[in-house]
Each structure stands twice: as C-alpha cells, then as structure tokens.
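Working notes for the structure below.
The values are calculated or read from the model by the stated rules, or taken from the named source; none is laboratory data. In this text the structure is predicted, and so the values were computed from the model without any measurement. Don't worry about glycine lacking a Cβ; one is built from the backbone with ideal geometry, like all the others, and counts go over all protein chains shown. Just the protein is used for accessible areas: all its heavy atoms, side chains included, with ligands, DNA and RNA removed. Shrake-Rupley method; radii C 1.70, N 1.55, O 1.52, S 1.80 Å.
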Amino acid sequence: MNKNYSTEKITKLGIMVAVSLVLLMIIRIPFPPAPFLVYDPADIPIYITAFAFGPLEGLAVTLVVCIIQAFLLGGDLFYGFIMHFVATGIVAVIIGLMYKKNKTRKTAVIALITGVIVATAIMCVMNLLVTPHYMGAPVSAVVAMIPTVIIPFNLLKAGINSLITFLVYKRISGLLHREAR
C-alpha cells in the first residue's frame, strides 16, 4: 500500500482528531471582553499534525474537527465552522509548509509566529465579512471590536496553542513517526 495513504497513517490522523475533540470538550475558557469567544486547546493536536505529517494532513484534521465541532457538538453551525476552519487551517498550512522544508527548532518558532500573525490578520478580515451576517451586527460595531476583542483573542488563542505545541511536539513526535510492528 502507498505509504502516503496507509491505514497506520490514517489511524494516527484519526487519533489526532479524537485528541483535539476531547480537548475541545474539556477545556473551554470564555474570553472576558467577549464571552461568545472561547479559548480551547483543540488546535494543539492539529498544529502537531501539521508539524509531523505536513500541511495537507494538518488541514484534513482541521476540516474533520471543525465539521464535528460545528455540526455535532453544538458549535455555531456554518459560522463556527468557517471561522474555526480558516483560523486554524491557516496556521496548520503555514507551519506545515515551513517546517516541511527545514525541520529545525528555529524554523518551528518562525513558522508558529508567522502562523499566529497571519491568522490574526486574516481573522480581522473574516470577522468583517462574516460576523455582520451571522450576528446581525453593523460593520461599524465589528470594526470597533477589532483592536479590543478580535486581535487580542486571536493572538492569545493561537499564541497559547502555538507555545504549548512548541513545548510538547518533540516529546511526542517519536510516537507519531514510529512504525507499527
């Protein structure tokens, strides 16, 4: 069987989806300035997947987690799906692409920081495009939230998840790359 699509690899990706969903369900911290925004560490296994397997696998795990969260676990349906998929998917693709080319600690740090910054910027745009339709808020209200809510939340969420990913990735990467016997 082609190693790129082996049962073992698919199983490992499924485990990362499961770990992400468990983290999503057990740790949820509302963001005080806007309690409808919630920190969760569910992106950590997704970022680890992107480091270990690459950007496409990171994006695939992101897609599955976002679908399950948005439509089966009481998420915000399409709004929640699109916002989570974009925010997490961008970081997964950036770190997956950058780390795949040069697997060093320095590259990992640069990839994570780049992912956090790019995702935060794109989420400002996404909030301007999507939030007025979903929440019925005027664009001016969303614009006012960008410096006080949207930027801080996205920097904190992606930043905390990136830091934890950096701290744990090397310790568990051997498990992900180990061949089954």
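On the accessible surface of the stretch 1-86, probed at 1.4 Å, how many percent belong to carbon and sulfur atoms?
It is 75 percent, rounded to a whole number.
Only Lys, Arg, Asp and Glu carry charge here, each on its Cβ (+1 for the first two, -1 for the last two); on that basis the chain has a dipole of about 820 debye about its Cα centre.
Using the Cβ-Cβ distance between Leu56 and Val143 with R0 = 25 Å, the FRET efficiency computed as 1/(1 + (r/R0)^6) comes to roughly 0.10. Using a simple spin-label model with pseudo-atoms 7 Å out from Cα toward Cβ, Tyr79 and Lys9 lie 3.8 nm apart. If you plug the beta carbon distance of Tyr134 and Leu155 into 1/(1 + (r/R0)^6) with R0 = 25 Å, you get a FRET efficiency near 0.70. Helical runs assigned H by DSSP (4 residues or longer) give the chain a calculated mean residue ellipticity at 222 nm of -26500 deg cm²/dmol, each run adding -39500 (n - 2.57) before division by the residue total. Modelled this way, with points 7 Å down the Cα-to-C-beta line, the labels at Asn102 and Arg178 are 3.1 nm from one another. Largest GNM mean-square fluctuation among Met16, Met25, Met135, using the chain with Cα springs under 10 Å: Met135.
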